[in-house]
Each structure stands twice: as C-alpha cells, then as structure tokens.
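Input: a single structure, listed below in structure tokens.
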Amino acid sequence: MLTLLIFLLLIGVLVFVHELGHFLTARLTGMRADVFAIGMGPRIVGWNPITGLTFGKLPDTVELGDKTDYRLCAFPIGGYVKILGMVDESMDTEGLASEPKPWEFRSKNAAQKALVLVAGVAMNLLLAIVVFAGLEMVVGSEEHVVTSIADVEAGSVAYDAGLRAGDNILAVNDKPMQVWEDLTRSISQGNLSDIVLTVRRPSGGTFTAVIQSADVVSAVAEGKGLGVSPSGVAVELGNVLTLKPAGRAGLAKGDVILAVDSMPVRTVLQFQRYVRNHAGQSIVVHIDRNGTTKPVPVTVGTDSIIGVEMSQRWTVPVRTQQAGVFEALASGVTGVGNTVAMISSSLWHMVSGTVSVKQSVGGPIRIAEMAAASSERGLEPFLRFMALISVSLAVMNLLPLPGLDGGHLVFVAIEAVIRREIPTNVKIRIQQVGMMLLLALMAFVLYLDLTR
C-alpha cells in the first residue's frame, strides 16, 4: 500500500505539472479549456465556478462558457486538459463540424498551437531543472577523494572490461580522475560513446579498460550499475533482528564488519555474496565495536539470511559544496541535458538491437518499486528520482506518435505546410490507431514488469 501511495504521489505531481503547462499556455493564447483532469475515466469529484464542488458526472445541461472544471477521475494513470477545438485522446468531436470559434485550438496559428503542445514537456523539464538546482543549493554535492577499487562484482560490466579489486583509476575518458564521482558521472553523461578508463594495477602496470556504451545502458536499466565499489568504505550494521542468527550470535547495531573468515570486507555486496554462498554453514564475522575488535561466530540460515541491515560509511575525505543560484541553475540544466542524452542513448541502443527491450523498458510496476526504494533512502533520493522520471516523461511525450504531444506537433507542422486543416475524420482515424498502439504498448510494458 505504501508503494502504491508513493507511486500515486510521484505520478500525480508529474502529470499535474505537465498538464498545467498545456492549460496555462492555452489560456495565455486565448483558448478555452473546459476540463483540467488528474486521472482518466469517469469524473469522481470536481470544482468549477458554475456548480461549485460536486461529485460524479456533471449534468449535460451545465454550460461552462470560458470556465474550467477541475476534476479528479477514477483511474490514476495520467491526466488531460480538454482544449476546445482540438482532436485529442477524448475523441470528442462535438462542435468541430461548425466554423472555428476564436477561442478554439483550430482557429489559432501554427506557432500558438505548437506553444501549447510543447508547454507540457517544457514544464516537466523545468521541474527537473528546479529539483536538481534546489538540491545543489540546499543539500549540496558530496565528492569522495578516492580513486582505487575495493571490489568488482564477477560478471559485471566492470569485471568484463578487465577491472579488478586493487586497481587504481587514473583517468576517465582522458580526464584525470580525482574523486569517485568522476567515474559515476561518466555513466550519467549518457552519450553514445564508450567509457575509456586508464587504470594502474597494484603491481605498477598501466592499461586501458573500455566499457561499451551498450553494456552501460543495460546495466543501468537493470539497476546494477557498473559493478565496481570504491576503497575507503566501512560496512556498518544497522538494525539486527534478535531472533535471527546475527542477533543470537551477539552482533549489534553500530558494529563495523572488518572481515568474514579470512576475507577482508570492504563493501556490503561483498559481504552479502559471501553469506549467500555459505547458507547453512558457520562463519566468523570479525567486527570493530567501539574501537575493540572481536570475532563473532554466526551460523547462516539455510535461507542465506542472518538478519541484519547494513550501510556503507565513507572513511575517506569528503568534499561538500553548496552552489549559488546561478551555478545551481547551470548544474540543473546540465543534469537535465545529461539525462536526456542517457534516455536517447537507451532508445538508440534498443532500436538498433544492441540492448533488449526487456532490459531498457520499465512500466508502472518497475517505476513504483524504484520510487518506493528511493523514498526509503530519504527525501533527496526520491526528489532526484522524480526529476529523472519527469525528464523521461518529457522525452517520451515528444515522440512523433499519435496520442502524444509529438504526434499533435506533426499534425500542426503538416497543416502549416499545406496551409489548411487536416480533415477531422482523418485526425480521428489516426488518433484511434495511435491510441490502440499506445494501449498495446502499455499492456506489453506491464507484461514485461510482471515477467521481470
């Protein structure tokens, strides 16, 4: 239920911002919008200056004139603004047989129509810029002064590229690496080029490791990342369940895991792998408790669970910088640009076949899971995730498909060239085909979510 509520909050904010862009520019250009809806389907509750607050469907006799009915609808899967004189998802053609009225969408010039259509996308991008910039000013950004690798997950893209524990990254894409974020930022750049790393081995040899762009897209889409962890991190226990193996053995909140058996522990993932591989067996967890080291024998459950929460605490120097207004805005714009590039790269790899659709596409279930996971980590991660989804919504809406803003822009462009309106019945047929394709796509994405 909590996951559902977080998902509805996320989608509600993004849909409201998107539709607000359409609504404000429609009114600015003299168009009438008789419905501003959050959700789709039957009207549940709404307000307008004529009838006030009412529940259920509005009576057919109600004439709104230049007023708008602001409503919540039954299905929380989107929203819409019904602009008079526009053939949209509602397929409402009432009044389109008559001559265009001055307040209708179809009576406006191409520039005004295009402005209304792109305003939703612009608002989503603006929201992301504001979020990114606000976080830079309020929270700031942390950079960790470490360039050496503590652990590389077997089978990860970093492992396949030749990286190993103990390696030291000297440069990323020919730029000297000074903090760990130089590597993580190379992922968010999202361009179509590969990530080229200059690496020095503990033995002193230097080599070049290349991580293919398609591999990065696949790893990010699956939530795995590069599979490489930095040095300078301590694994600390959070809550310990009293009746589980860890609690019975005497492990406690705040303990720092130094090693398990004879293996030094440098990352949470490293410890989790070791425990998982020793289901039903006895292991010795070496901990630091208030400056005192001690071994703690633990018998791992047959389900590979010992009953602890873990976090990673940095032990290297941390640089925190809070940006000024203009610097933060520039950072926000850069963040949005990098996100657009990353999404475009994913789409390109998916279309070209270098990445599978199942790896690249996430539907409502996947988004809900990721939204809930980000909210558990705090407000900042949730807001960053909201900004990423807002940019994704903007990019998807610009695709030239019927039923999306990009599809309507195609209509406007064609009408500007031929200097006359496309017949309404033609628009309706194209919209119907487009909506069928979008519904089929939604069903397919939901199927991928369920099978994943």
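The values are calculated or read from the model by the stated rules, or taken from the named source; none is laboratory data. Since this is a predicted model, take the numbers as computed values, not measurements. Cβ coordinates were reconstructed from backbone atoms using ideal geometry, including for glycine residues, and neighbour counts include every protein chain displayed. In case anyone asks, the SASA skips ligands and DNA or RNA and just uses the protein heavy atoms, side chains included. Shrake-Rupley method; radii C 1.70, N 1.55, O 1.52, S 1.80 Å.
Go through (1) out of contact with any Lys or Arg (no Cβ under 6 Å at 6 or more places or on another chain); (2) of a type outside the set (S, T, N, Q); (3) over 24 Å from Ile11 (Cα atoms) one by one and return the number of the condition Ala371 breaks.
(3)
So which of Ala150, Ala119 is under 30 Å from Pro264 (Cα atoms), surrounded by 14 or more Cβ atoms within 10 Å (Cβ to Cβ) and of a type in the set (Gly, Ala, Ser)? Walk me through it before giving the result.
Values: Ala119 fails: under 30 Å from Pro264 (Cα atoms).
Sole residue among the options that is under 30 Å from Pro264 (Cα atoms), surrounded by 14 or more Cβ atoms within 10 Å (Cβ to Cβ) and of a type in the set (Gly, Ala, Ser): Ala150.
Taking the criterion of being of a type in the set (Val, Ile, Thr), closer than 20 Å to Tyr159 by Cα and out of contact with any helix residue (DSSP H, G or I) (no Cβ under 6 Å at 6 or more places or on another chain), would at least one residue in the stretch 250-257 satisfy it? Walk me through it before giving the result.
Of the residues in the stretch 250-257, the ones of a type in the set (Val, Ile, Thr) are 256-257.
From the residues that got through so far, the ones that are closer than 20 Å to Tyr159 by Cα too are none.
No, the stretch 250-257 contains no residue that is of a type in the set (Val, Ile, Thr), closer than 20 Å to Tyr159 by Cα and out of contact with any helix residue (DSSP H, G or I) (no Cβ under 6 Å at 6 or more places or on another chain).
Would it be correct to say that Gly254 is under 30 Å from Leu135 (Cβ atoms) and without any contact (Cβ under 8 Å) to a residue 60 or more places away in the chain?
In short, yes.
Quick one: count up the residues across the stretch 165-187 that are closer than 17 Å to Val233 by Cα and assigned to a loop (DSSP other than H, G, I, E, B).
Qualifying residue count, the stretch 165-187: 6.
Can you work out which of the residues in the stretch 280-299 that are part of a loop (DSSP other than H, G, I, E, B) and under 15 Å from Ala246 (Cα atoms) is least open to solvent (accessible area, probe 1.4 Å)?
Per the criteria, the residue is Gly280.
What are the residues in the stretch 45-82 that are in contact with a Lys or Arg (Cβ under 7 Å, 6 or more places away or on another chain) and among the small types (Gly, Ala, Ser), if any?
Gly46, Gly56
Would you point out which residue out of Gly407, Gly335 is touching a Phe, Trp or Tyr at 6+ places or on another chain (Cβ under 6 Å) and on the phi < 0 side of the Ramachandran plot?
Result of the check over Gly407, Gly335: Gly335.
Can you name every residue in the stretch 300-335 that is open to solvent by 40 Å² or more (accessible area, probe 1.4 Å) and under 30 Å from Ser282 (Cβ atoms)?
Within the stretch 300-335, Thr302, Asp303, Ile305, Glu309, Met310, Ser311, Gln312, Arg313, Thr315 meet the criteria.
Answer yes if at least one residue in the stretch 130-142 is surrounded by fewer than 16 Cβ atoms within 10 Å (Cβ to Cβ) and of a type in the set (Asp, Glu), and no otherwise.
Yes, the conditions are met somewhere in the stretch 130-142.
Quick check on my filter: what residues within the stretch 410-420 are buried (at least 19 other Cβ atoms within 10 Å of the Cβ) and farther than 13 Å from Asn109 by Cβ? Steps first, please.
Within the stretch 410-420, the first condition is being buried (at least 19 other Cβ atoms within 10 Å of the Cβ), and the residues that meet it are 411-412.
Of everything in the stretch 410-420, just one residue is buried (at least 19 other Cβ atoms within 10 Å of the Cβ) and farther than 13 Å from Asn109 by Cβ, namely Phe411.
Go through the stretch 265-279 and give me each residue that's of a type in the set (S, T, N, Q) and either in contact with a helix residue (DSSP H, G or I) (Cβ under 7 Å, 6 or more places away or on another chain) or in a helix (DSSP H, G or I) (or both).
Within the stretch 265-279, Gln270, Gln272 qualify.
Are any of the residues in the stretch 96-116 closer than 30 Å to Ser231 by Cα, in a loop (DSSP other than H, G, I, E, B), in contact (Cβ under 8 Å) with a residue 24 or more places away in the chain and open to solvent by 40 Å² or more (accessible area, probe 1.4 Å)? Step through it out loud before you land on a result.
We begin by selecting, within the stretch 96-116, every residue closer than 30 Å to Ser231 by Cα; these are none.
Looking for residues that are closer than 30 Å to Ser231 by Cα, in a loop (DSSP other than H, G, I, E, B), in contact (Cβ under 8 Å) with a residue 24 or more places away in the chain and open to solvent by 40 Å² or more (accessible area, probe 1.4 Å), one finds none in the stretch 96-116, hence no.
In the stretch 349-380, which residue that is open to solvent by 40 Å² or more (accessible area, probe 1.4 Å) and under 22 Å from Ser186 (Cβ atoms) is modelled with the lowest pLDDT?
Gln359
Could you say whether any residue in the stretch 341-348 is surrounded by 15 or more Cβ atoms within 10 Å (Cβ to Cβ), under 16 Å from the mean Cα position of the chain (by Cα) and closer than 30 Å to Met1 by Cα?
Of the residues in the stretch 341-348, the ones surrounded by 15 or more Cβ atoms within 10 Å (Cβ to Cβ) are 341-343, 345-348.
Keeping just the survivors that are under 16 Å from the mean Cα position of the chain (by Cα) gives 341-343, 345-347.
Okay, now just the ones that are also closer than 30 Å to Met1 by Cα, so 343.
Yes, because at least one residue in the stretch 341-348 is surrounded by 15 or more Cβ atoms within 10 Å (Cβ to Cβ), under 16 Å from the mean Cα position of the chain (by Cα) and closer than 30 Å to Met1 by Cα.
Hey, can you tell me all the residues within the stretch 153-164 that are surrounded by fewer than 19 Cβ atoms within 10 Å (Cβ to Cβ) and at pLDDT 90 or above?
Tyr159, Asp160, Gly162, Arg164 - these are the residues of the stretch 153-164 that are surrounded by fewer than 19 Cβ atoms within 10 Å (Cβ to Cβ) and at pLDDT 90 or above.
Just the residues that are open to solvent by 30 Å² or more (accessible area, probe 1.4 Å), among the aliphatic types (A, V, I, L, M) and not in a loop (DSSP other than H, G, I, E, B), please, taken from the stretch 241-264.
Within the stretch 241-264, Ala249, Leu258, Met263 meet the criteria.
Out of everything in the stretch 421-437 that is in contact with a helix residue (DSSP H, G or I) (Cβ under 7 Å, 6 or more places away or on another chain) and in contact (Cβ under 8 Å) with a residue 12 or more places away in the chain, what residue ends up being least open to solvent (accessible area, probe 1.4 Å)?
Taking the candidates together, the pick is Gly434.
Kindly indicate whether any position in the stretch 140-153 is touching a residue at least 40 places away in the same chain (Cβ under 8 Å), over 30 Å from His18 (Cα atoms) and among the small types (Gly, Ala, Ser).
So far as the stretch 140-153 goes, yes, one or more of its residues are touching a residue at least 40 places away in the same chain (Cβ under 8 Å), over 30 Å from His18 (Cα atoms) and among the small types (Gly, Ala, Ser).
Is it the case that the stretch 165-177 has a residue that's open to solvent by less than 40 Å² (accessible area, probe 1.4 Å), under 10 Å from Pro230 (Cα atoms) and under 27 Å from the mean Cα position of the chain (by Cα)?
No, the conditions are met nowhere in the stretch 165-177.
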